[in-house]
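Report on the structure given below.
Read-outs: derived from the displayed coordinates by stated rules, not from any lab. What you see is a predicted model, and the numbers here were worked out from it, not measured in a lab. Neighbour counts run over all protein chains shown; Cβ positions are idealised from the backbone, glycine included.
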Amino acid sequence: MANEVFERLAAPFPPDEVGWKVQATNRDRTRGLVVAYVDARTVLDRLDEVVGPEGWQDAYEVLADRETDKGRIVEVRCRLTILGTTKEDVGEGDTLKAAFSDALKRAAVKFGVGRYLYRLEKLWVPLKDGQIEEKTLAKLRELLT
C-alpha cells in the first residue's frame, strides 16, 4: 500500500464526524471520562473516498454469541482488505450489528483510519443526568481543530 493511500486513510476526520461517549463516571454521575469515536458509516465513507468501493472488501466471522449474567455478548472477527493488503481484528457488542461495527472499526484502525483518536487525551467532563451537555460537546469538538 502506497504511503499516500495510508496518509489519506489516516487523515483526521472533520470535527462534526467525531462523536464523544462517556466511558466511565464518578459515583454520582456528575462527571464522566469521555473518549472520541467515529461510527462505522464514517469508516466506510473514508474507505470509499480513498480507494473507491472496488478498492476494499470485508469479511466477517462470528466467534461467539452467548448469554451471560450481564446480557448477550457477541464477538466477531473482521478481515478487511484494502488494495490487496489484509488486516483483521475482533469486535464485540451486545448485538450482531454492534459487534460487526466494532470489528470493522478496529480492523480499519490497523490501516490508520481514526488511529489518531486513540492518542487524544481522555478527559473528565461535567455531566447532566449522566449525559454530556451540548456546551461541553462544543468545547470537545474545538479540541479537534
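Listed by chain and number, the lysines whose C-alpha is less than 27 Å from the C-alpha of K97, apart from same-chain residues fewer than 8 away, are K21, K70, K87, K105, K110, K122. Could you tell me which of rounded, prolate or oblate describes region 1-104, using a ≥ b ≥ c as the square roots of the eigenvalues of the alpha-carbon gyration tensor, with rounded for a/c under 1.5 and, failing that, prolate when a/b is larger than b/c and oblate otherwise? Verdict is oblate for region 1-104. Pull up the cross-link candidates among the aspartates and glutamates for K139, meaning alpha carbon to alpha carbon under 17 Å and not fewer than 8 places away within one chain. Within the straight-line cut-off, K139 pairs with D16, E17, E121. Charge dipole of the chain (Cα centre as origin; +1 on each Lys and Arg Cβ, -1 on each Asp and Glu Cβ, all else neutral): 540 debye, rounded to the nearest 20.
By the count of neighbouring beta-carbon atoms within 10 Å, fewest first, Y60, Y37 end up ordered Y37, Y60. Assign one of three labels to region 90-138, namely rounded, prolate or oblate, based on the Cα gyration tensor with a ≥ b ≥ c the square roots of its eigenvalues; rounded applies when a/c is under 1.5, prolate when it is not and a/b is larger than b/c, and oblate otherwise. In terms of gyration-tensor shape, oblate. What is the angle, in °, between the Cα long axis of helix 40-51 and the longest principal axis of the Cα atoms in the chain? Nearest 10 is fine, range 0 to 90. The helix 40-51 is inclined about 40 degrees to the chain.
Over all other residues within a Cβ to Cβ distance under 9 Å of E92, the charged ones net out to -3, with Lys and Arg as +1 and Asp and Glu as -1. Site pair Y116 and A138 shows an inter-label distance of 2.4 nm when each label is modelled 7 Å from Cα along Cα→Cβ.
Working from Cα pairs under 8 Å separated by at least six residues, relative contact order for region 3-140 is 27 percent. Between the beta carbons of Q131 and A2, assuming R0 = 35 Å, the FRET efficiency works out to 0.25 to the nearest 0.05.
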